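What follows is a set of notes on a single structure, which appears directly below.
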Amino acid sequence: MADLNEINPPDGLPLNEAGRLLDEALRERILVLDGAMGTQIQAADLSAADFGGPDLEGCNENLCLTRPEVIAKIHRDYFAAGADVVSTNTFGGTPLTLGEYGLTGSAREINRAAAALAREVAAEFDGPRWIAGAMGPTTKAITVTGGVTFEGLVETYGIQALGLLEGGADLLLLETAQDTRNVKAGILGVWAAFAELGQRVPLMISGTIEPMGTMLAGQGVEAFYTSVAHAGMVSVGLNCATGPEFMTDHVRTLAGMARCYVSCYPNAGLPDEVGRYSETPEMMAETLGRFVENGWLNIVGSCCGSTPEFTRAIAAVAHAGRPRRPAERRVTSLSGIDPVECDDDSRPLIVGERTNVIGSRKFKRLITEERWEEAAEVGRAQVKAGAHLIDVCLSNPDRDEIADVERFMGALIRIVKAPLVIDATDPQVFERALTYCQGKAILNSVNLEDGLRRFDRVVPIARRFGAALVVGLIDETGMAVTAEEKLNVARRSHELLTEKYGVPAEDIIWDPLVFPCGTGDEKYVGSAPHTIEAVRRLKAEFPGTRTILGISNVSFGLPEAGREVLNSIYLNHNVRAGLDFAIVSSEKLQRFSTIGDEERELCDDLLFNRGDDPVAAFAGHFRDRRPTLAAEALEKLPLDQRLARYVVEGTKEGLIADLELKRAEAEPLEIINGPLMAGMDEVGRLFGNNELIVAEVLQSAEVMKA
């Protein structure tokens, strides 16, 4: 099998004829998938000898070699009951899983035989019938159980895919997914098999949601779909779990967002203590029939505990319904364990910057001392303070960056659910970090400083793992400073990314670059307005793309007391221009609404280079002054005003004590409807004036809840 850096999306490979016919059929009708394999094997009452001996008893996949007629009958019964698609008897057919029976070396042969067997049965029936090569989750979930490497999973899935394709599978089905890292490895293994055979087939991906509402490794359906949407699959869906009723909300969500077809094939309920499942064919058909009536499905079937009778009942409701039309909405979506969507209602999304060894001395020290859990807590603190994403940069020339990435990411993904922004200069760091990401991350960054060299090295990694890209507006002449220079670099980059490399517009995030405005460097004096204007023009000229800025660069070299004030003012200007992502410290970001008129004017003079010496005026105002703590300022206000200010400033420090004071003179409802609601009214006014961002409004809401 190929190395990871040799695996690429199979865009240029021809689709098999069965795949073309499958797409035509899915446009016209709802297709029926078969039911459980294991239930039918158990009903055959086989002995250890049937499996190949006591050591192989329970290895259903080996029956394709030892008792092919048993498996053929199961396929035949499902086709006869109305299935359009049957799955091969290979759910546990990876070398990894078969290795538990000592059959690692036989994996390719078993999968080849299983697909060929199903292919022979399909030929007995009239009309188009399809064979789905079943690829289960293996017995290892890389995020949950460990015991396997990402590269090892790519290898094991790739071998299984080769066997299935050689045996005649029309499509491949990565099913019962419990950990999206496994799925991403499976996608790469499948792509590697396509490349080796010089042809691709449709790929179906199906996850399973546990009773707590997520997959075993933590993702819900929104994050799951966002994480695998790059795979170019024919369908995404859900299977197994606890029965169809439990899947209702999840299937509805998928149906509303998936740009491919949607499948659903649930268990026949949950088994009781003697293995009997709770659903009857009529019960399951009734529930799935509602899904069909609601227009949510394209492929429907059943899973554990079902029989051909289930397939017959499900086929009746499928044939009575009309197929769902894939969603057309395209938006920049990201995910960790949790999903984050970037649209105009959520701007700006905050990227917590403190997990960066270049910008945070504390974080750098923790990494240098190899205190991985404490370093990961820095990321969690940023999320608690309002960050929607976490910036991760471990670029220290004195250390092994890839080794640091492996150890830090291993700690971070256990405690942070937010999507990640991976910041590196070495493409190998990107690739290694992405093997730890369940979700869809952002790579920061690519640019044209060395011509196409960095594009050629980084863009394939982003497409391989489904990451979005920050595009720095730099070319061979250097960093673009004026708005027109920035737009010229963007035009060239956009054409390359979309036409040469196949990157969708929603995965392009422009970085117009922020330069320090107070260092005295003539080249950058007055550059801030150019960046603001570039944000506005980029959004207008390249619909669907997004913008990002490292906000705190603007205040580099200025007095510490004034930096957060200037950062806040500059952020506000860019948000008004349309900025989508802001890289800042979510713990230190000062609210625009708390900044006085004098300080706003000083900041604007500096940003827009107004007056004789705006740097000196700014520095003189803030030099030797430490920021006023909110608690100190609040103490001077009357009690009711203090309570309102807690809400406006989104701080709980001192809130409870003051609430207890107020309760001595007023009823709780009076307090809520009085000073606290006055605070929320002010929050609404400030938000309406673009003086608060969404994250700050949510912080105020948390104070109100408290």
Lone unmet requirement of (1) open to solvent by 10 Å² or more (accessible area, probe 1.4 Å); (2) farther than 30 Å from E406 by Cβ; (3) at pLDDT 95 or above; (4) among the small types (G, A, S) for G99: (2)
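Each row is one residue, and each column tells you yes or no for (1) open to solvent by 10 Å² or more (accessible area, probe 1.4 Å); (2) free of Cβ contacts under 8 Å to residues at least 40 places away in the same chain.
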site	(1), (2)
P339	yes, no
C342	no, no
E353	yes, no
I358	yes, yes
R361	yes, yes
R365	yes, yes
E374	yes, yes
If you scan the range 644-667, which residues turn out to be part of a helix (DSSP H, G or I) and touching a residue at least 24 places away in the same chain (Cβ under 8 Å)? A644, R645, Y646, V647, V648, E649, L655, I656
When you look at G269, is it touching a Phe, Trp or Tyr at 6+ places or on another chain (Cβ under 6 Å) and either at pLDDT below 95 or assigned to a loop (DSSP other than H, G, I, E, B) (or both), yes or no? yes
Between E449, E485, E533, which is at negative phi and surrounded by fewer than 17 Cβ atoms within 10 Å (Cβ to Cβ)? E449
Working only within the range 490-502, note down all residues that are open to solvent by 10 Å² or more (accessible area, probe 1.4 Å) and either part of a helix (DSSP H, G or I) or of a type in the set (A, V, I, L, M) (or both). R491, R492, H494, E495, L496, T498, E499, K500
For L171, indicate whether it is under 24 Å from L117 (Cα atoms), open to solvent by less than 30 Å² (accessible area, probe 1.4 Å), in contact with a strand residue (DSSP E or B) (Cβ under 6 Å, 6 or more places away or on another chain) and not aromatic (F, W, Y). yes
Looking at the range 272-307, which of the residues that are in a strand (DSSP E or B) and open to solvent by less than 60 Å² (accessible area, probe 1.4 Å) is farthest from L203 (Cα to Cα)? V300
Residue list for the range 472-487, filter: under 31 Å from the mean Cα position of the chain (by Cα) and not aliphatic (A, V, I, L, M): G472, D475, K486
Pairs needed: first member in the range 54-83, in contact (Cβ under 8 Å) with a residue 60 or more places away in the chain; second member anywhere, open to solvent by 30 Å² or more (accessible area, probe 1.4 Å); C-beta distance under 6 Å; at least 6 residues apart or different chains. A81/R312; G82/R312
Entirely in the range 390-489, the helices (runs of 4 or more DSSP H) that have 3 or more residues that are farther than 25 Å from N182 by Cβ: 453-465
Quick count over the range 665-690, residues being modelled with pLDDT of 80 or more, exposed (fewer than 13 other Cβ atoms within 10 Å of the Cβ) and of a type in the set (G, A, S), is 0
Does A375 meet the test of being assigned to a helix (DSSP H, G or I), out of contact with any helix residue (DSSP H, G or I) (no Cβ under 8 Å at 6 or more places or on another chain) and of a type in the set (A, V, I, L, M, F, W, C)? no
For the range 505-536, enumerate the residues that are within 14 Å of E485 (Cα to Cα), assigned to a strand (DSSP E or B) and not aromatic (F, W, Y). D511
Considering the range 532-554 alone, what residues qualify as being closer than 17 Å to D391 by Cβ and either of a type in the set (S, T, Y) or touching a Gly at 6+ places or on another chain (Cβ under 9 Å) (or both)? T547, G550, S552, V554
Answer yes or no: is there a residue in the range 248-257 that is open to solvent by 10 Å² or more (accessible area, probe 1.4 Å) and among the hydroxyl-bearing types (S, T, Y). yes
Determine if the range 65-75 includes at least one residue that is farther than 21 Å from G158 by Cβ, out of contact with any strand residue (DSSP E or B) (no Cβ under 6 Å at 6 or more places or on another chain), open to solvent by 20 Å² or more (accessible area, probe 1.4 Å) and assigned to a loop (DSSP other than H, G, I, E, B). yes
Which listed residue is farther than 20 Å from S333 by Cβ, surrounded by fewer than 17 Cβ atoms within 10 Å (Cβ to Cβ) and in contact (Cβ under 8 Å) with a residue 12 or more places away in the chain, from A505, A480, A561: A561
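The values are calculated or read from the model by the stated rules, or taken from the named source; none is laboratory data. The shown structure was predicted, so the numbers you read here are calculated from the model rather than taken from an experiment. We place every Cβ from the backbone using ideal geometry, glycine too, and count neighbours over all the protein chains shown. When the accessible area is computed, the model is the full protein with side chains, heavy atoms only, and any ligands, DNA or RNA have been set aside. Shrake-Rupley method; radii C 1.70, N 1.55, O 1.52, S 1.80 Å.
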